[in-house]
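Since every read-out is calculated from the coordinates, none of them should be taken as a lab result. In this text the structure is predicted, and so the values were computed from the model without any measurement. Please note: Cβ atoms are built from the backbone with ideal geometry, for glycine as well, and neighbour counts cover all protein chains shown.
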Amino acid sequence: YDQPAPKKLHLGMFEIGKALGKGKFGRVYLAKERSTGFICALKVLHKSELQQGGVQKQVRREIEIQSNLRHPNVLRLYGHFHDSKRIFLILEFAGKGELYKHLRKEHRFPEWKSAQYIAQMAAALKYLHKKHVIHRDIKPENILVGIHGEIKISDFGWSVHAPNNRRQTMCGTLDYLPPEMLVRGSQENYYSDKVDLWSLGVLTYEFLVGEAPFEDTPVMTQRRITRADMTIPSFVSPEARDFIKRLLVLDPEKRMTIDEAQQHPWILKHCVKTE
Ligand SMILES: COc1ccc(C(=O)Nc2ccccc2)cc1NC(=O)CCSCc1cnc2[nH]ccc2c1
């Protein structure tokens, strides 16, 4: 599918299929580009709703950033177009759907699968951080699975998905927030790409244990996060335990870096390098 994209994108060039999901700002449909048969996901955003939500700039910024991202573990934004009322995002279609559904069904992932997923997440984060993009919203709900089982981090933007056994919280779950974003007085601009490493630690825990490390009532969750107060069950291997503990460190500067995470024994043990 590497022909240069057709110049003029418009709705008529797509055959619209089943609904894939719906969010606060838009619905997503399976779509096929008529001339090439290319399968993609078409996200429809209503300009009026974006106006009400005051997120038009955010969408423009996101389209700008995401159009330049190309990585096997980052969901592609191929392009966009609009008509009088709507903005359409042409997104990559992930053939095996939403990761959180697999996690809920399997309860938790075996160590080899968790390590492979975390290694792919680390590769995606390394790529994003090199491009000075901080994801800030890493959680199972924002990860999709490609047809070959590879994972794809996606920025669901501001879309809050309809309550289909996703974590029911006001503005997204607190579980993944790092302490530096909870501590009073630390303005937004004080945090760095280290926030994604904290979330990677929370994600690792949730893959292995089946629930987030600080899951509790909203007040208690915040308190447990700011104290890094978690217990790791005994069935978790010593290497995985060490990996998690080196990421869930209160001081952002003392957290393991992406490179250290990729070289950690727990990752190397499970991710056979194809020489
Ligand atoms: C790069 O990705 C995105 C870029 C931007 C936005 C976005 O909405 N930005 C926004 C909106 C409003 C205000 C501000 C910003 C969303 C995504 N990504 C998704 O929404 C993923 C699920 S839709 C695709 C998709 C694929 N493959 C699947 N397989 C099964 C379901 C499924 C669903």
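Counting only Cβ charges, +1 for Lys and Arg and -1 for Asp and Glu, the dipole size of the chain around its Cα centre is about 820 debye.
Given the pairs Lys47/Lys131; Lys85/Lys130; Lys57/Lys254, which span a C-alpha to C-alpha distance of over 30 angstrom in this model? Could the numbers behind the result be given before it?
Numbers: Lys47/Lys131 28 Å; Lys85/Lys130 36 Å; Lys57/Lys254 34 Å.
The answer is Lys85/Lys130; Lys57/Lys254.
Using the structure shown, list the pairs from Lys18/Lys139; Lys22/Lys43; Lys18/Lys113 with a Cα-Cα distance above 18 Å, or answer none. Listed pairs above 18 Å: Lys18/Lys139; Lys18/Lys113.
Relative to the longest principal axis of the Cα atoms of the chain, the long axis of helix 56-67 lies at roughly 80 degrees. Return one number: the angle in degrees, 0 to 90 and rounded to the nearest 10, between the long axis of the Cα atoms of helix 238-247 and the longest principal axis of the Cα atoms of the chain. Once rounded, the angle reads 70 degrees. Annotation for Phe235 and Lys105: the two label points, set 7 Å from Cα along the Cα-Cβ direction, are 2.0 nm apart. Its Cα centre serving as origin, the stretch 236-275 has a Cβ charge dipole (Lys and Arg +1, Asp and Glu -1) of approximately 160 debye.
Against the chain, whose longest principal axis is taken from its Cα atoms, helix 111-130 shows a tilt of about 60°. With each run of n ≥ 4 DSSP H residues scored as -39500 (n - 2.57), what mean residue ellipticity at 222 nm is computed for the chain after dividing by its residue count and rounding to the nearest 500 deg cm²/dmol? For the chain, the value works out to -10000 deg cm²/dmol.
Using the Cβ-Cβ distance between Arg60 and Ile147 with R0 = 25 Å, the FRET efficiency computed as 1/(1 + (r/R0)^6) comes to roughly 0.25.
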